[in-house]
Each structure stands twice: as structure tokens, then as C-alpha cells.
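The values are calculated or read from the model by the stated rules, or taken from the named source; none is laboratory data. Predicted, not measured: the structure shown is a model, and the values here were computed from it. Cβ atoms come from the backbone with ideal geometry, glycine included; neighbour counts cover every protein chain shown. In case anyone asks, the SASA skips ligands and DNA or RNA and just uses the protein heavy atoms, side chains included. Shrake-Rupley method; radii C 1.70, N 1.55, O 1.52, S 1.80 Å.
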Amino acid sequence: MTAGDAARPEVAWPVEGLHAAIIAASQDPIYFCTPDYIIREANDPYVIIGGLTREQAIGRTVQEVAGAGAFPRRAPYLEMALSGRVAVLQDWVNVPGQGRRFFDVRYQPVHDADGRLLGVAAYGRDITDLKKAEEVLRLYESAVTQMSDRLSIVDRDYRYILTNDSNARWHGCTADSFRGRSLVEIVGAERFATEIRPWLDRCLAGETVEYDFRDTAPDGTPVVMDARLQPFRNGDGEIEAAVVTLRDVTETRRLSERLERLALQDDLTGIANRRAFETGLERRVSAFRKDGSAGFSVVFIDLDGFKLVNDTAGHGAGDRFLQDIARLLRQSTGEDVEVARIGGDEFGLIIDSTLPLAAHAICNRLLSAFEGYHLVWEDLTFRSSASIGIASVATEDDEAARQALTVGRVLQWADFACMQAKAAGGHRIVSYDGTGKAGDDRKAEIHHLLAVERAIAGGGFLLHAMTIVDLASGAPVMQEVLPRVTAGDGELHGPSMIRSTAERHGLMRSVDRLVVDAVLSRLETGGSDGLPVAVDLSAETLHSPVFARQLAGRLERSPELARSLVLEVSETALSRLKPEAWNLMADLRTLGCRIALDHFGRGMAGFTQLRANAFDLIKIDRLLTAGLAGDPVKRAAVSGVVGLAEALGLPTVAEYVTEPLHLDILKGLGVTYAQGHAVSRPQAWC
């Protein structure tokens, strides 16, 4: 005892009052009852459960406070405590303002100093959150245990923290026996080092990874497993382990592979279909565009006379014929050649070789094989032959040419070569390759196409105007606007190249739209010196409802534009015009435009349409105007066209007049107007 302790006076604490204060201060519900269940002490957390105050509860029985519904559940535990044993009850209780709460209640016997039983002290503790957590954990444990997927958690030392029953059964163990075991012990050192550890290390570095691997089931069956590894983080976000889920995907992968094969396989012949063919071609084109070193050839094969088989012996014979041809192609080309059916009676090959001669040699073998094959169907015999077109893509150093190569263009070249073979009588090979003139023409075609595409993408072409004069007075009466474009070789190309290239590649609508739009914009600013302006329109454009709607709408808003616009339609296009095109020309004439029949004299199609009174003037083609002075037949032909035009009340225009002498001859033949270098050369239309 210290001096301070000696000086501190003794305090006599009222024990009963102290107990009451402790009970009142507790946040958990507490009460004390006598053996006859009379409550002698209770705190607020307990009495509010019954909706009472402390003063109202003391002196009442436990049954009255707990309620008739809840007391029978409590009574056995009270009786156990009154018999001298501690009892513990866990139950749900409705608490006013809080709803259902889960309590852990301890019923403690209370004795006096002589050991006599005084009653029972009940201590309640709200463990609702713990109960819910336990329930969630139980559900998780149940799900993990019962799931068919093999689930494990592996720590940074590659040891199992836990595994589920599914994975344990796979290895012939119990789940408990896995805890703490090394993964190396389970799968073996070599497999762990080569197949598993690299993936685990990526996962433990923070990456979620997924991959397939082949394994053997406990019964010896080969299986395909999908492995998914996810980082397992602690409360601080640190990665402590990897969650590994293994799923048997054997049937899924098998079905997927089967569907993929079906999607890339021709149903009838069993060889690749067009989709697979074009996919293989896309890979080669992509590789070629990178460095141009991997050349290849594409072959189109069109069976000659296949329609005869179908029409004569029926589709059953036709199907058998195609199946035999597919088998013959596989046998004659070898494993390194991709063989596909790309149409009804059309087949394709992809040959990996930088030498076009290699493809030609294979195709020669095919022709020989076709000659030796015949189909016997009932009492009929059918022999085979084929038209074969080859498009070879050889090594290419020209960057522009490489980048311009597309799947569509290679297919177009092969198809063109095949059509040439068919047109020449069939049973032959035509090559469209990168050697000689054909190769030079193809390179030129590529540069021309790039130039046209750049002009379309860049917003327009260079426009030049050629003056058309009245032969009687020599006065200018009209201008024809001609598009031009600069190709990669620096040369300025005119409308002939633009039109031929655009028609082959489906770009005419874009070309016409840009040219017409530029002409109308110029006319709106009064930049044509007051002269009408003529522009060409293709058959493709005349059939475009979008172009028709936009042009008609613009002319309706500005009627003066229509009176200054002459639209030229080539005689060679007339046979391809559908009613909607003729209707558009009629509507444009109604708005004030004039329609010229261009290149008249190249064929006879124009005569029928002229009688329909669909045009406002006739332009005589250069086939009739060139060399006019020394050719009486051409002079007679021009005279005939003039007579026809006069009968219809239409003026005529002589095109491509290059010699001044021809102007007088044309005037003498009655031609109304003329254009060409003898009149004026094209000038930039600024």
C-alpha cells in the first residue's frame, strides 16, 4: 500500500445499485426474473422489444412481456436455467422500428451466497449481421462444394488454400487433404513448369487469364478443359492467391469445331465453300500488301456443258457430277492447293507460288484429268471439260500496286480470265498474270483506279471545257465539260479513261454525281459565259433514284439552271435503260433540260429511240467524222444521219473534228454544230 492509498478514504458502494446501473448501461437486452417468472430488473433494450417502459415491465411476468406467441419458445430454456444449468437460445425476434433481428440469448442461474436459487438472468446479444454472413458463407460453401466445375484457390507459393469436391474427386482425394499441398505434387514438376506456372504467374501479377488445354479424365477419356484464373485480393487490395476454375468444354468445343467446319464446307461436295475460299484469299492478300514477297495464283474453273447434265438427266446426276469433279480436283492438285466450290458449277483454287507457270502446269493437269473423266447415268454418258482462268499475283516492289490489291480485284481478274476462256470456246486456259503486256495493263489499271478513287474521295475532278460552234456562223453555242484526272505516272487522263475505269469498278454514279454537282455550282455563279453546258450521264446514274431525286429537286428550286444544262446519253447505253431511266429523262426535259444522244453511229440502237422523240439533239460519233475527206462512205453516213435528224426536227453536232478542212465538208452535208481540235482545244474550266 502506498502513502496515497493510505490517505484515500474507503468508499462503501451500494452493491444492488451498482448492479442496476450496469444493467441499465448495457446496449444489449438484459432482464432478471424470479423462479415464478416475475421480472425484478430489466433495461430499456429488453423492454422496448415488448413495447413497454422499464417501469411497466418490472413486476410483470416474462410471459406477459414476451407475449403469448413467443413465450412457449423461451420457457424450456428458462426451466433449464431454473434447474441450475446454463441454457443458450438463438432465435429471431421482432424489434419495433428495426424489424426482424437475430439474437443469441444466454439464460444464467443466479444463486445467493448460501447457494439458494434466486432466479434467472437473461443476457441477449444481437448477432443478425453474423447470422447473415454465416448464411452467405454457407451458400457459398454449398455452391462451391456442389458445382461441377473444378474450383481451387492457390497461394503465391503454389499451394492449395482450398479446393472443392469436384476437383478432389478428379484426383482421387478428399477436399480436406488438398489444403497446404503443393500444386507440383499434384500435377508433376514438368507439367507445372511448362503448362501451368506461366499462366499462374500472369494471374498473380494481376491479370485475369483464360485458356484451353487437353487433359485426361480419371476414366482415361481425353477431354478439353477451359481454365480461368482470377486474382484473389485481400481487404487491402493485395493479391494473395489465384482462383482457378476448370471446366470440361469437350462437347462445346467439338460442337463449335463442327459448326465451323460446316460454315466453311460445301454441303454437296465436302470441299471448302466460297466463304472459306475468300478467307484464305484474304490472308494471302494481307501478307502480300505487307511486303509483296509472297506471290500466289487464283484459279476459276467453270464446267463446260454442266447445264446439259442437269437438264437431261436431272439434279441427281448433276450432284453426282459435281461430287466427282470435286474429288478429281483434290486428287489432281495435291495437298498444298486449296480447292473450293464457289458457285453452282464453278470451282476455285488458291496456289501458293510466285511463279505463274506453276499454276499453269497444275491447270494443264486438270484439263487432262477432265478429258479422262466421264459420268455414266442410266443409259447416258456425259464427258467433262472446263474453262479455266488464272490470275497470278507475282512479287511486287511497287508500294502503290501492293496497297491497291484487294480480294475483290483478284477475284475479278480470275473471273475475267475464265470468261475469256469460256468465250473462246471452253476447254482451255487463259492467264491474267503479272508478266508481259497483261501485267503492264494490270498495273496501269491499278494506277488508273487509284487516281479515280482519290478524285472521288478528294471531292472532285479537274474540269475542262470544249467549245461547240455553229457551223453556219462560227459562233459558240455550247460548251461540253470533260472531267480529267492525274494518275500516279503524272499524266493527265481524260473522260475515256475515267469512264472505262469507273464502269469496270462500279464507280460511275460517284463520278457523275461529282461532275454534275460541280457544273451546277458553277452555273449558279454565272461562270459559263452564258453558254449552255453539256455533261455526260451514264446508264448507272440514270437508274439511281437518289441521284434522280437530288437533281430534280435542285433544278426545281433553280429553274434557270435547267435551261442551261444539256445531259448527254451514249447510244451504246440505250439498250440497258429501264423505264425509270426514260422517265427521269422525260422529267428533266419537262424541267427545261435538253437531252443529247451522244456517240450516235456506233450502233443501230438509237434509231428506235429517236422515233420516241426522247432527245433534243444528235451528236455524231467520231467513227463517222474521222477521215471524212477521203471516205465517201462516211460522208454518205453523215448525210444520212443529218437527213434523219432533219426529219425529226433535231440539230446535229459533229464530234472530234480534228481537221479544219472537215468543217466545210460537214457544213456542206448539213451538220448544225461541230466540236473538236479544229474548233478549239479543251481549256481549264475555272
When the solvent-accessible surface of protein heavy atoms is calculated with a 1.4 angstrom probe, in what order do 61, 174 fall, highest first?
174, 61
Report, in whole Å, the centroid distance computed from the Cα atoms of region 355-388 and region 269-336.
13
Where Cα atoms sit under 19 Å apart: lysine pairs in the chain separated by 8 or more or lying on different chains:
5
Taking every pair of alpha-carbon atoms in the chain, what share in percent sits in each 10 Å bin, from 0 to the bin with the longest distance?
2, 10, 11, 10, 11, 11, 9, 6, 6, 7, 7, 4, 3, 1, 0, 0
Leading residue at positive end of dipole, the chain (Cβ point charges), from 244, 385, 281:
385
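Between residue 134 and residue 286, how high is the FRET efficiency from 1/(1 + (r/R0)^6) when r is the Cβ-Cβ distance and R₀ = 56 Å? Nearest 0.05. Before the final figure, lay out each step's value.
Details: r = 59 Å, r/R0 = 1.05.
Here the calculated transfer efficiency is 0.45.
So how do 582-591, 212-221 stack up, highest first, on mean other-Cβ count within 10 Å? Don't skip to the end; give the middle numbers.
On the way: 582-591: 16.1, 212-221: 10.4.
For the peptides 582-591, 212-221, the packing ranking is 582-591, 212-221.
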For region 574-686, restrict the atom set to alpha-carbon positions and state the Rg and Dmax in Å.
14.9, 43
Can you tell me the alpha carbon radius of gyration of region 12-134 divided by the globular rule-of-thumb value 2.2 N^0.38 Å?
1.05
FRET efficiency, 1/(1 + (r/R0)^6) with R0 45 Å, evaluated for residue 184 and residue 264 via beta carbons
0.60
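As an exercise, find the ratio Rg/Rh for region 468-567 from alpha-carbon atoms, using the Kirkwood inverse-distance average for Rh.
Working: Rg = 15.0 Å, Rh = 14.9 Å.
Result for region 468-567 is an Rg/Rh of 1.00.
Which value, in Å², gives the accessible area per residue of region 633-672 when a 1.4 Å probe is used on the protein heavy atoms?
Details: 1910 Å² over 40 residues.
Heavy-atom accessible area per residue stands at 48 Å².
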Simple Cβ-charge dipole of the chain, Lys/Arg +1 and Asp/Glu -1, about Cα centre, in debye nearest 20:
1080
What translational D, rounded to a whole number of µm²/s, comes out for region 194-346 from Stokes-Einstein when the hydrodynamic radius is the Kirkwood one over Cα pairs, at 20 °C and 1.002 mPa s?
106
Sorted by packing (mean other beta-carbon atoms within 10 Å per residue), highest first, where do 364-377, 317-330, 21-34 land?
317-330, 21-34, 364-377
Which FRET efficiency, nearest 0.05, do residue 576 and residue 336 yield, Cβ-Cβ r, R0 56 Å?
0.80
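For region 494-627, rounded, prolate or oblate, judged on the Cα gyration tensor with a ≥ b ≥ c (square roots of eigenvalues), a/c < 1.5 rounded, else prolate if a/b > b/c? Please report the intermediate quantities before stating the final value.
Values: a/c = 1.36, a/b = 1.32, b/c = 1.03.
Rounded, because the longest to shortest axis ratio a/c is under 1.5.
If you build the Cα gyration tensor of region 327-434 and take the root of 5 times each eigenvalue, what three semi-axes come out, in whole angstrom, biggest first?
Details: eigenvalues 163, 42, 29 Å².
Computed over region 327-434, the values are 29, 15, 12 Å.
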